[in-house]
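The values are calculated or read from the model by the stated rules, or taken from the named source; none is laboratory data. Please read all numbers here as calculations on a predicted model, not as lab measurements. Neighbour counts are summed over all protein chains in view; Cβ atoms, including those assigned to glycine, are modelled from backbone coordinates with ideal geometry. Accessible surface is based on the protein model in full, side chains and every heavy atom, while ligands, DNA and RNA are left aside. Shrake-Rupley method; radii C 1.70, N 1.55, O 1.52, S 1.80 Å.
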Amino acid sequence: MAKFDFSKRDSFGSRIGVIAATAGSVIGLGNIWRFPYIAGENGGGAFLIVYLLFIAAIGIPVMLSEIIIGRKGQRNAYGSFKKLKPNQPWYLIGLIGIAGAFFVLAYYSTIAGWTLEYLYQSLANGFSGKGTSELGEMFNSFQKGGLMPVIWQVIFMGLTAWIVFHGIRHGIEKYAKILMPMLLVLIIVICIRSITLPGAGEGLRFFFTADFSKITPDVIIQALGQAAFSLSIGMGTMITFGSYISKKDNLPNIAYTVTASDTLIAVLAGIAIFPAVFAFGIDPAEGEALIFITLPNIFQQMAGGYFWALMFFILLVIAALTSTISLLEVVVAFCSEELNIGRKTATVVVASVITFIGVFCTLSQGPLDNLAIGDKNLFSIVDYSVANIFLPVGAFFIVIFTGWFMGRKDVRDELSNQGTFKAKFFWLFMTLVRFFAPIALATVFLYQLDILKF
Ligand code: PHE
């Protein structure tokens, strides 16, 4: 079979396209669904502080490292390592990352499917007249039913595959550019309604005041996992995206802009959710169902709620879609560049296999709830292990690679476009990737495995 022609690799068309597509990958259900539920389970304000710290001190350095590796390597997550260090086993990190993307997508598509159900419900005016307990019941019976969640998941994966099938520039950039800013505006509108609800103050207090005694090792682990998940780092997504970024683009600026947008959306999601959670008497530690109970409650308190709900769920579906596209892209780029499978064939085959596995994640929440270890079903096991094990381990090796193995000069050249501009904060970046980030990642990880105790 003909070898992949690397001179014909696709790339991003414009700087704004790069930012939009990267932000599209990063901003998704991680910000709007996962962030509020994990923050709610881990003490609100205490979690927020640790989370923000990790975003700044670990998230940005890891993201920049990945983009550097990708742009220098000009290949997928595996191929970039192989090209930069041909005779060393670093490509294994790329392979683990690709496997990570595979599993994230398998269970991410479950939640993405839920967003389609909620889009359908908002279209059919299905929340109307329902209070907190009825909305909880509605979510529960949908989730436990088994069939509908699977149908939505399959539809979602079909949509994702359809877009990836049509290639990078035309597929991803076109959609992300207009839609992510719209999502931001809509969340702000929801925030305004939420904080003006009677009883909202308690929610703001929960989210913004930190009780330091609540910062337990588990909160720290969850905050790190959430930061990695939300920034799509630790598994080669940003390596793959970096490889499509032009040699002229300013990498630190891209990383800062994308990280800032991601954090802004997560914090706004918190401001939208928690005041309403307290106003409607919902338990902040409700878990995965949190936003699906809270948001419909808020929409019912808004003038034109039908319209806002519809708009919101359309945009949420699209935010999820730009993330699933990026996940599928990681695996497809690998298959087409390294295994010489045609891009289109790879898209169809990979999407089908992931959907097959994903269906079991979905069913483990309903009819197949015996797919579990202890009280954690397959879905929760994948959710937990991806965010708190796979991504931090990937991130650890990625910073070790840029900090200690890639070569200081190469790193500086990538950060400054061969000295075209000054690489500001280079010393800080190097200190973080060489020392702070690996030590912090290793400590959290070893603690989690019960190897370290404090
Ligand atoms: N960051 C995405 C989100 O917040 C999810 C994701 C994780 C995408 C890992 C790619 C890689 O929804």
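The listed residues are G113, G43, and the only one of them that is among the small types (G, A, S), assigned to a helix (DSSP H, G or I) and in contact with a helix residue (DSSP H, G or I) (Cβ under 6 Å, 6 or more places away or on another chain) turns out to be G113.
Does S128 qualify as being in contact with a Gly (Cβ under 9 Å, 6 or more places away or on another chain), modelled with pLDDT under 95, outside any helix (DSSP H, G or I) and under 18 Å from Y118 (Cβ atoms)? Answer is yes for this residue. Here V386 meets the list (1) within 16 Å of the ligand (Cβ to nearest atom); (2) β-branched (V, I, T); (3) open to solvent by 30 Å² or more (accessible area, probe 1.4 Å) almost entirely, failing just condition (3). Exactly one residue among W90, W33 is among the hydrophobic types (A, V, I, L, M, F, W, C), crowded, with 23+ Cβ neighbours inside 10 Å and in contact (Cβ under 8 Å) with a residue 24 or more places away in the chain, and that residue is W33. Of all residues in the stretch 411-426, those satisfying the criterion of being surrounded by 13 or more Cβ atoms within 10 Å (Cβ to Cβ), without any contact (Cβ under 8 Å) to a residue 24 or more places away in the chain and closer than 18 Å to K247 by Cα are R412, D413, S416.
Looking at the stretch 193-206, can you tell me whether even one residue there is free of Cβ contacts under 8 Å to residues at least 24 places away in the same chain and not in a helix (DSSP H, G or I)? Within the stretch 193-206, one or more residues are free of Cβ contacts under 8 Å to residues at least 24 places away in the same chain and not in a helix (DSSP H, G or I).
The set of residues in the stretch 193-211 that are more than 16 Å from I298 (Cα to Cα) and either among the aliphatic types (A, V, I, L, M) or crowded, with 17+ Cβ neighbours inside 10 Å (or both) comprises F206, F207, A210. All of T347, T355 fail the test of being touching a residue at least 24 places away in the same chain (Cβ under 8 Å), assigned to a helix (DSSP H, G or I) and open to solvent by 10 Å² or more (accessible area, probe 1.4 Å), apart from T355.
For G40, the requirement of being within 10 Å of the ligand (Cβ to nearest atom), more than 25 Å from F436 (Cβ to Cβ) and open to solvent by less than 20 Å² (accessible area, probe 1.4 Å) is not met.
Residues are listed down the side, and each one gets a yes or a no for (1) in contact with a helix residue (DSSP H, G or I) (Cβ under 8 Å, 6 or more places away or on another chain); (2) within 16 Å of the ligand (Cβ to nearest atom); (3) open to solvent by less than 10 Å² (accessible area, probe 1.4 Å):
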position	(1), (2), (3)
S336	yes, no, yes
V382	yes, yes, no
F405	no, no, no
K409	no, no, no
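Condition check ((1) assigned to a helix (DSSP H, G or I); (2) within 24 Å of L290 (Cβ to Cβ); (3) not hydroxyl-bearing (S, T, Y)) across all residues:
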residue	(1), (2), (3)
P181	yes, no, yes
V189	yes, yes, yes
I221	yes, yes, yes
Q226	yes, yes, yes
S232	no, yes, no
M238	yes, no, yes
S246	no, no, no
S261	yes, yes, no
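Summed over the stretch 298-316, the residues that are part of a helix (DSSP H, G or I) and either open to solvent by 10 Å² or more (accessible area, probe 1.4 Å) or among the small types (G, A, S) (or both) give a count of 9.
I'd like to check something: does the stretch 217-232 contain any residue that is within 15 Å of the ligand (Cβ to nearest atom), in contact with a helix residue (DSSP H, G or I) (Cβ under 8 Å, 6 or more places away or on another chain), at pLDDT 90 or above and closer than 29 Å to G342 by Cβ? Looking for residues that are within 15 Å of the ligand (Cβ to nearest atom), in contact with a helix residue (DSSP H, G or I) (Cβ under 8 Å, 6 or more places away or on another chain), at pLDDT 90 or above and closer than 29 Å to G342 by Cβ, one finds at least one in the stretch 217-232, hence yes.
The requirement of being closer than 30 Å to T237 by Cα, exposed (fewer than 15 other Cβ atoms within 10 Å of the Cβ) and either touching a strand residue (DSSP E or B) at 6+ places or on another chain (Cβ under 6 Å) or modelled with pLDDT of 95 or more (or both) is fulfilled somewhere in the stretch 154-165, by at least one residue. Of all residues in the stretch 361-420, exactly one satisfies the criterion of being of a type in the set (S, T, N, Q) and closer than 19 Å to F81 by Cβ, namely T402.
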